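Please read the structure below before turning to the comments.
No value in this document is a laboratory result; all are computed from the given coordinates. Fair warning: this is a prediction, and the values are worked out from it, not measured in the lab. Here the Cβ is made from the backbone with ideal geometry for all residues, glycine too, and neighbour counts use every protein chain on show.
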Amino acid sequence: MKKFSFKGGIHPHDNKFISENCSIKTILPGDELIFPLSQHIGAPAKPVVSKGEHVLAGQIIACKKAMISANVISSVSGTVKAIDSRLDATGAYVDCIVIANDHQYQTVNEYNSINDYQNYTDEKIRELISQAGIVGLGGAGFPSAVKNTPKDPDSIKYIIINGAECEPYLTSDYRLMLEKSDELIAGIKIQLQLFKNAKAIIAIEDNKPDALNHLKKATINESKIEIAPLQTKYPQGSERVLIKVLTNQVVTSGMLPADVGCIVNNVASVIAIYEAVALNIPLIEKIVTVTGDAINEPNNFKVRIGTKYQTLVDACGGFKVPPKKIISGGPMMGTALFNLDIPVTKTSSALVCLSEDAVSKNTPTPCIHCGRCVNACPIGLVPQLLYHYAKINDQENFIKVHGMDCMECGCCTYSCPAKQNLTQSFKKIKRAINNRKKGANNG
Ligand code: SF4
Ligand code: SF4
């Protein structure tokens, strides 16, 4: 069978063996949960509860306040303890709602009802997705209601379900594909209801043969759902790479997938859409892989959003050896953590606990012009040149050489024998350019 692939990319050791056989296990949060108001791309949500107020699991505690924004939902019942700034996974203090858990887990009335959703209008389906606070759960955090409301729904030809999970160590999507395939397929059918001219493609890397075979069997009678095996290569799961390999169309930084007739959703997002539309269950839980050679018992946990990372580590029996590095997310695109008192958010995917910090051992040396970074870049950029402009903060030339198209995938940094901090510098200059543009737009 044809395996889809792309030019460039890298082959890091995937280390999925550590947690891939761990079935999803539910764990409960501790006494305090933290809900950042911004767990998505777009405007932060606005609190609609006050200190001292009692809330229920499934209740909206912060409302989206712009077109590109998302509701934040309480995952427990309890009392609003504070609305103030707390540390998040990026190391920044951000506005949060803090809830004292009453450990009763009382839900809003309509939670887990059975809906006649096959007869719902498209508007009703989109409204339920919006109310449920669903965002791209693969890490991007783009609000799902906006993604599923393109200007011209009839122009959508492909619904791509991203089951690549190409980041090393991560196994939460893999477990979902094995354990929640009925919900996944039902979620895909809801999307097919919204996009009448589309077919769905579930894209899975070939290092997950069980998931490929399982979903092939489960979709055998589904004429509008195909399975696409992908060659295992990082970053196969990036939205732009997937669209290119599956449809041969190019999406640049200024475009949306819908501009080329595609909607791309991560497997967890599709299951969340099913739960919201079919059962009135908003996004209050997340599957998170806890893995790495420093953790005692690796796991794939189903956790309530707002739960602190420390709770996850405790549920794994703590550390086997003192970790030198803990990463929120995968090692390629995740962020290093210095504190476990921070919450699982909608976009959390993993906690990778490592006994060695390979990166900090590397001291950069001068570029030897080997061109490996150019060969590794999946979208054909020249990282060596981007780095030249990023180092001197030459924003104009960085933009001219298409620096804003950089997906921050880390392939160039990984390939560089001189250990140049390429991706890090691209993130920095891109942030500066975006802030400058925002400042200009705000007058
Ligand atoms: S981080 Fe940017 S420049 Fe480097 S390989 Fe990825 S897309 Fe290319
Ligand atoms: S991989 Fe590193 S050393 Fe080689 S050209 Fe790129 S920046 Fe220079």
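Once you have the Cα-Cα distance between residue 369 and residue 314, take 0.36 nm times their residue separation minus that, and quote the gain in nm to one decimal.
Details: separation 55, 0.36 × 55 = 19.80 nm, distance 4.63 nm.
Extra length available between residue 369 and residue 314 comes to 15.2 nm.
Could you work out the relative contact order of the stretch 184-262, using alpha carbon pairs under 8 angstrom and six or more residues apart, expressed as a whole percent?
On the way: 66 pairs, mean separation 18.0, N = 79.
It rounds to 23 percent for the stretch 184-262.
With label points built 7 Å along Cα→Cβ from the Cα atoms of residue 355 and residue 26, find their separation and express it in nm.
For the pair residue 355/residue 26, the computed spacing is 3.5 nm.
Which residues does the label zone of residue 206 cover in the stretch 4-32, counting backbone N under 11 Å from a point 7 Å along Cα→Cβ?
4-5
A 31 angstrom limit on the alpha carbon distance is what I want to check against. Which of 7/224; 208/346; 2/64; 244/346; 151/302; 320/430 exceed it?
Numbers: 7/224 28 Å; 208/346 24 Å; 2/64 43 Å; 244/346 27 Å; 151/302 35 Å; 320/430 38 Å.
In this structure, 2/64; 151/302; 320/430 lie more than 31 Å apart at Cα.
Taking the Cα centre of each part, how many Å lie between the stretch 38-104 and the stretch 152-188?
Value for the Cα centre distance between the two parts: 27 Å.
Given the DSSP H assignment, sum -39500 (n - 2.57) over each helix run of at least 4 residues in the chain and divide by its residue total; what's the result at 222 nm in deg cm²/dmol, nearest 500?
Values: 13 runs with 120 residues, N = 443.
The per-residue figure over the chain is -7500 deg cm²/dmol.
In debye, nearest 20, what is the charge dipole magnitude of the chain about its Cα centre with +1 on Lys and Arg Cβ and -1 on Asp and Glu Cβ, if you could check?
Working: 48 positive and 41 negative charges, 260 e Å.
Dipole size: approximately 1260 debye.
In debye, nearest 20: dipole of the stretch 78-222 around its Cα centre with unit charges on the Cβ of K, R (+) and D, E (-)?
Values: 15 positive and 21 negative charges, 66 e Å.
With only Lys, Arg, Asp and Glu charged at Cβ, the dipole is about 320 debye.
Please identify which residues in the stretch 115-133 have an amide N closer than 20 Å to a label point set 7 Å out from the Cα of residue 224, following the Cα→Cβ vector.
115-130
May I ask you to compute the full-extension gain from residue 435 to residue 112, defined as 0.36 nm times their residue separation minus their alpha-carbon distance, rounded to one decimal in nm? Walk me through the numbers before you get to the answer.
Values: separation 323, 0.36 × 323 = 116.28 nm, distance 4.15 nm.
Going from the current span to full extension adds 112.1 nm.
Using a 10 Å cut-off on Cβ atoms, rank the peptides 132-145, 213-226 from the highest mean neighbour count down. Provide the component values of the computation, followed by the final result.
Numbers: 132-145: 24.4, 213-226: 14.2.
Taking the mean over residues of other Cβ atoms within 10 Å, the ranking is 132-145, 213-226.
Compute the length gained on full extension between residue 424 and residue 408: take 0.36 nm times their separation in residues and subtract their Cα-Cα distance, giving the result in nm to one decimal. Numbers along the way, then the final one.
Numbers: separation 16, 0.36 × 16 = 5.76 nm, distance 0.81 nm.
Extra length available between residue 424 and residue 408 comes to 4.9 nm.
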